[in-house]
Amino acid sequence: MECVGNLSLRQLEYLVTVVHEGRLTKAAKRLHVTEPTVSQQLRALERTVGTPLVERRPEGVRPTTAGAAFLPYARTALRCAREAASAARAAALGGVRALRVGTVRTALPAALLPGVRRWTRGHPAAPIVVRPHESRSQLQDSVAAGAVDVGVGPWPVDWDGRVLVLGTEELVVVCPEDDGLCGRTTRLEELSERCWIAHQGFGPGPAFAEVFRSAGFRPRIVLEVPQAEAAVALARQGVGLTLACADALPSPAPETVAHPLPRLLRELAVYTAARPPAEALECAATLAGS
């Protein structure tokens, strides 16, 4: 692997894999190397960065505060390397590089679908590849680093690139079918004693902390999962309530959702890096209907 100074992509891969697996033995098996090799490369990476990135606990390996800050950039660097190799191979074969559109969930927002239709009809030789991300911050990192060409999701924070309004999405409370909340409207403060399921990017975590503070309580999180789909399934089984985008719910939705008052609306945007390729700007404008 190539190095930037003494920082190698292989070391970044070791770090990301170790954090994902939670155990050095599992990471070594997945990477097809020995456990001492993984430990050695992690120590070398930490020496280069100048601070510990992981800590070993009885329950497994966890990132330090510095490691958690470092990880999004490590993942972005690895994605960029993979995309660079893919683009080079496509160019060598005379192919067209697909435009990469990043989102913050696997299901495309309903507001984006007309734009996707416009692009595919008007640019049949320029395909789109959708790359889901775990959170708004991870998506912003990918757009800024060029790992994706266009970002689609919540309005970006402190962004110096081009940002276009896409629309809004409404969040609803997902609950079991036999819950008295189903089909009702309810004030959020009335749910202060309920248990909640968080999920990255959408659940009652950082993205909605202000909403719950305004309602006068801090949600009691009993479970956190990486994907909205899992949180919705668990909420329908009675594990706890969760927040989800109404247009992303599998049907039949009305039987298992409540509508909070005031309505929880989030503005969606289509955005690019500060100096994007011309085709990225054109794609963003088409997706946003500008």
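The values are calculated or read from the model by the stated rules, or taken from the named source; none is laboratory data. Because the structure is a prediction, the values reported are computed rather than measured. Glycine also receives a Cβ, built like all others from the backbone with ideal geometry; neighbour counts cover every protein chain displayed. Ligands, DNA and RNA are stripped out before the accessible areas are found, and what is left, the full protein with its side chains, is counted by its heavy atoms. Shrake-Rupley method; radii C 1.70, N 1.55, O 1.52, S 1.80 Å.
Every listed requirement among (1) open to solvent by less than 50 Å² (accessible area, probe 1.4 Å); (2) modelled with pLDDT of 85 or more; (3) under 20 Å from Gly151 (Cα atoms); (4) hydrophobic (A, V, I, L, M, F, W, C) is met by Leu113 save one, (1).
Kindly indicate the residue of region 116-138 that is assigned to a helix (DSSP H, G or I) and either farther than 19 Å from Ala285 by Cβ or among the charged types (D, E, K, R) (or both) and also least open to solvent (accessible area, probe 1.4 Å) among those meeting that condition. This residue is Gln138. Restricting Pro124, Pro36, Pro63 to residues that are more than 24 Å from the chain's Cα centre (by Cα) and more than 16 Å from Arg10 (Cβ to Cβ) narrows the list to Pro124. Residues in region 22-53 that are touching a strand residue (DSSP E or B) at 6+ places or on another chain (Cβ under 9 Å) and not basic (Lys, Arg): Gly22, Leu24, Ala27, Gln41, Leu42, Ala44, Leu45, Glu46, Thr48, Val49, Leu53. Of the helices (runs of 4 or more DSSP H) entirely within region 198-290, those holding at least 3 residues that are modelled with pLDDT of 90 or more and closer than 23 Å to Leu112 by Cα occupy 278-288.
Return yes when Ala288 is over 24 Å from Val129 (Cα atoms), small (Gly, Ala, Ser) and in contact with a Gly (Cβ under 8 Å, 6 or more places away or on another chain) and no when it is not. Even if it seems obvious, please write down each step before you answer.
Values: over 24 Å from Val129 (Cα atoms): no; small (Gly, Ala, Ser): yes; in contact with a Gly (Cβ under 8 Å, 6 or more places away or on another chain): yes.
In short, no.
Against the definition (outside any strand (DSSP E or B), among the hydroxyl-bearing types (Ser, Thr, Tyr) and surrounded by fewer than 19 Cβ atoms within 10 Å (Cβ to Cβ)), how does Ser142 come out, yes or no?
Numbers: outside any strand (DSSP E or B): yes; among the hydroxyl-bearing types (Ser, Thr, Tyr): yes; surrounded by fewer than 19 Cβ atoms within 10 Å (Cβ to Cβ): no.
Here the answer is no, as Ser142 does not meet what is asked.
Where helices (runs of 4 or more DSSP H) fall wholly inside region 4-51, the ranges with 3 or more residues that are touching a helix residue (DSSP H, G or I) at 6+ places or on another chain (Cβ under 7 Å), open to solvent by less than 60 Å² (accessible area, probe 1.4 Å) and touching a residue at least 60 places away in the same chain (Cβ under 8 Å) are 9-21.
When you look at Ala85, is it under 30 Å from Glu169 (Cα atoms) and more than 18 Å from the chain's Cα centre (by Cα), yes or no? Working first, answer last.
Numbers: under 30 Å from Glu169 (Cα atoms): no; more than 18 Å from the chain's Cα centre (by Cα): yes.
No: the conditions fail for Ala85.
Output the residue which, of all residues in region 156-199 that are among the charged types (D, E, K, R) and more than 27 Å from the chain's Cα centre (by Cα), is farthest from Asp141 (Cα to Cα). Checked region 156-199; the qualifying residue farthest from Asp141 (Cα to Cα) is Asp178.
Do you know which of the residues in region 145-156 that are at pLDDT below 85 and hydrophobic (A, V, I, L, M, F, W, C) is most open to solvent (accessible area, probe 1.4 Å)? Step through it out loud before you land on a result.
Within region 145-156, the subset at pLDDT below 85 is 145-147.
From what's left, hydrophobic (A, V, I, L, M, F, W, C): 145, 147.
Numbers: Ala145: 55, Ala147: 3 Å².
Among them, the one singled out is Ala145.
Residues in region 107-136 that are among the small types (Gly, Ala, Ser) and more than 22 Å from Val232 (Cα to Cα): 4 in all. Is it true that Gly161 is buried (at least 22 other Cβ atoms within 10 Å of the Cβ), within 17 Å of Arg275 (Cα to Cα), touching a residue at least 60 places away in the same chain (Cβ under 8 Å) and not hydrophobic (A, V, I, L, M, F, W, C)? Judged against the criteria, Gly161 is not a match.
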